[in-house]
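Peer 1: Okay, handing you the structure first.
What follows draws every value from the coordinates through simple rules; no lab data is involved. On a predicted model such as this, the values are computed, not experimentally measured, just so you know. Every residue, glycine among them, receives a Cβ derived from its backbone with ideal geometry; neighbour counts consider all protein chains shown.
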Amino acid sequence: MAHVAVVTGGTRGIGLAITEELHAKGYKVAAVYSGNAAAAQEAAARLPGLACFKWDVGDPEACAAGLQQVADQVGPVDVLVNNAGITRDGMFHKMGFDAWREVMRVDLDSMFNMTRPVIDGMRSRNFGRIINISSINGQKGQMGQVNYTAAKAGVIGFTKALAQENAFKGITVNCIAPGYIDTDMVAAVPEEAMKKIVAAIPVGRLGRADEIAYCVSFLANEKAGFITGATLTINGGQYITG
Ligand code: NDP
């Protein structure tokens with residue numbers, strides 16, 4: 001029977017590419033978005049059977065209720081891709097608490113909010129794949145992104161501890177740390193800054209969303225059961241970790 005996969009932020013950018021890849025591989029995909037209904041409608045029209053749900057991954061009650069809807073309408077969740085994320089950039093000495101809290105809420109609290117409601121079911125079925133999207137900037141730090149860097153480094157820690165707790169239950173928990181990928185999020189970076197970023201990428205270009213999606217589907221595969229607690233860096237050689 002086809003596995004059920006939930007992809008947060010699954011109707012735009014990297015998340016949309018993940019939705020498309022898993023859909024093409026035969027998963028029953030539920031894509032969660034927060035407000036861009038046009039993008040969700042476009043994806044649903046293009047991908048037969050795709051279920052789109054609107055809720056805020058930073059809201060624990062909305063996640064619990066939404067995931068119950070997914071279980072009722074699509075089926076028990078086998079694969080969870082925690083991809084949704086935002087930035088609220090600015091130098092720390094000028095950063096207000098709102099910009100700190102909102103990034104923590106959407107990028108880090110969401111890990112708890114989305115994973116806590118599905119973990120019991122995965123444990124009872126002795127199978128699960130959880131793939132969390134961190135960032136190169138969570139690994140190396142980034143000026144102007146103290147909030148985002150802290151949240152994305154937190155995603156890596158969350159992944160490691162959760163992997164240890166659930167390894168014996170057939171659940172793998174892994175993390176992908178993308179470098180700069182050509183999406184709306186990166187399009188917001190000013191042109192001059194972007195030239196410098198691309199110059200620092202040995203591959204000589206931005207990454208593509210489908211390159212991240214391919215690795216998500218690799219980690220989601222039943223055959224990837226011995227890979228857990230890992231952080232896969234996909235950044236064109238920009239930051240190479242041991
Ligand atoms: P985009 O800004 O292109 O898309 C973000 C997606 O997340 C959208 O689908 C959006 O929904 C959804 N989303 C945002 N906030 C919420 C929320 N509160 N609740 C539910 N869904 C929400 O981002 P990218 O595709 O570029 O990034 C995806 C992930 O990859 C993020 O976690 C990001 O931090 C990470 N990343 C991206 C990199 C890049 O270079 N692009 C590099 C490294 C990491 P809607 O469509 O409704 O607005």
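Peer 1: If you take every DSSP beta bridge whose two residues both sit in the chain, what share of them, in percent to the nearest 5, is antiparallel?
Peer 2: On the way: 0 of 27 bridges.
In the chain, approximately 0 percent of DSSP beta bridges are antiparallel ones.
Peer 1: Using a Förster distance of 41 angstrom, determine the FRET efficiency expected from the C-beta separation of GLU211 and GLN41, and round it to 0.05. Could you put the intermediate results ahead of the total?
Peer 2: Working: r = 26 Å, r/R0 = 0.63.
After rounding to 0.05, the efficiency reads 0.95.
Peer 1: Add +1 for every Lys or Arg and -1 for every Asp or Glu among the other residues with Cβ under 10 Å from the Cβ of GLU222, and state the total. Working shown, then result.
Peer 2: Values: positive: ARG129, LYS223; negative: ASP78.
Local charge sum for GLU222: +1.
Peer 1: Would you order LEU219, LEU232 from fewest to most other beta-carbon atoms within 10 Å of each residue's own beta-carbon?
Peer 2: On the way: LEU219 21, LEU232 17.
If I rank by nearby Cβ atoms, fewest first, I get LEU232, LEU219.
Peer 1: Determine, for GLU222, GLU42, GLU21, the number of other Cβ atoms within 10 Å of each Cβ, and report the residues in order from fewest to most. Intermediate values should be presented prior to the final figure.
Peer 2: Values: GLU222 10, GLU42 15, GLU21 23.
Neighbour counts put them in this order, fewest first: GLU222, GLU42, GLU21.
Peer 1: Across the Cα atoms of the chain, what radius of gyration and what greatest pairwise Cα-Cα distance (Dmax) are found, in Å?
Peer 2: 17.0, 53
Peer 1: Can I ask one more? Based on other C-beta atoms within 10 Å, arrange LYS140, LYS223, LYS152 from fewest to most. Walk me through the numbers on the way to the answer.
Peer 2: Numbers: LYS140 16, LYS223 7, LYS152 27.
The order, fewest Cβ neighbours first, is LYS223, LYS140, LYS152.
Peer 1: While we're on this one: Placing unit charges on C-beta atoms (Lys and Arg positive, Asp and Glu negative, everything else neutral), compute the dipole magnitude of the chain about its Cα centre in debye, rounded to 20. All intermediate terms of the calculation are to be shown ahead of the outcome.
Peer 2: Details: 22 positive and 22 negative charges, 99 e Å.
Result for the chain is approximately 480 debye, rounded to the nearest 20.
Peer 1: With respect to the cross-link table entries LYS54/LYS195; LYS160/LYS223; LYS94/LYS152; LYS28/LYS223, which display a Cα-Cα separation exceeding 24 Å?
Peer 2: LYS54/LYS195
Peer 1: Here's a follow-up. If the chain between GLU165 and ALA65 were fully stretched, how many nm would it gain, using 0.36 nm times the residue separation less the Cα-Cα distance? Show your work: numbers first, answer last.
Peer 2: Numbers: separation 100, 0.36 × 100 = 36.00 nm, distance 2.48 nm.
Between GLU165 and ALA65, full extension yields 33.5 nm more.
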